Each structure stands twice: as structure tokens, then as C-alpha cells.
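Read the structure below first, then the notes.
The values are calculated or read from the model by the stated rules, or taken from the named source; none is laboratory data. All figures in this text were calculated on a predicted structure; none of them were measured in a lab. The accessibility values were calculated without ligands, DNA or RNA, using every heavy atom of the protein model including side chains. Shrake-Rupley method; radii C 1.70, N 1.55, O 1.52, S 1.80 Å.
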Amino acid sequence: QVQLVESGGGLVQSGGSLRLSCTASGRIFTRNAMGWYRQAPGKQRELVAAIQSSGGTNYADSVKDRFTISRDSGKNTVYLQMTSLKPEDTAVYYCNFYDVGRARNYWGQGTQVTVSS
């Protein structure tokens, strides 16, 4: 089992910045990916950004050039630096840990990000 603890959400004005953090604990194997998904009211959960244990990253087109994902493997922590935030970025952001070897997904409890116009 893997447990995820998120922090860093909140309320920010349009154009502002926030940084989300997520720390994983438990049975963590080397081959994994960590990332962030978000879900706005009435919409499906969508991938925002993900980073592999190898360092490879991928981003949703809507956040490229505005958001940056990074990880500290020694601390089992992933970060999402969000800049130039827009009202449409408002959502609950969920941390995700994917155990590649066992094909298992784990989710954080979610953190609210609200961007006011």
C-alpha cells in the first residue's frame, strides 16, 4: 500500500501562482510515476502532469508552459508549480502514484485550487 499526503491548494487571483506538494509513503518500488489530476465540477477527472521515476514528464496541452512538475525521489515527493493561473484551472487537484511493476494506482485525498477572476 502507498499513502499520499497533499498540500498547497488555496485561493489565488487570476495570473497568480501556487505550488502543490505530495509525499508518498509505504511500499514504494523503484519503477513508478507520480502526477497530478484535476476534476472540476461537472467534469471528468483529467491528467494535468505526470513524471516518471526516470524523470520523463508529460503535460496536458492546457497547462504547458504554465505548470511545471518535478520530483524529489529521495523524499518520494512530487511538486506542481503552477503559474499564470486562470479561472478555468479551478478544480480539485488529486495526487496520483502509479506502481508500474504492479499496475496499481493510488490517489491522494485531493486539494482545492480556486482561481478568482
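Counting pairs of alpha carbon atoms under 8 Å apart in space and at least six apart in sequence, what relative contact order in percent does the chain give? Result for the chain is 36 percent. Please list, or write none, the lysines whose alpha carbon is within less than 24 Å of the alpha carbon of Lys43, excluding same-chain residues fewer than 8 places away. Qualifying lysines at Cα under 24 Å: Lys64, Lys86.
Taking the protein heavy atoms of the range 46-117 in the context of the full set of protein chains, the accessible area attributed to carbon and sulfur is 44 percent at 1.4 Å. Rolling a 1.4 Å probe over the heavy atoms of the protein chains gives the chain an accessible area of 53 Å² per residue.
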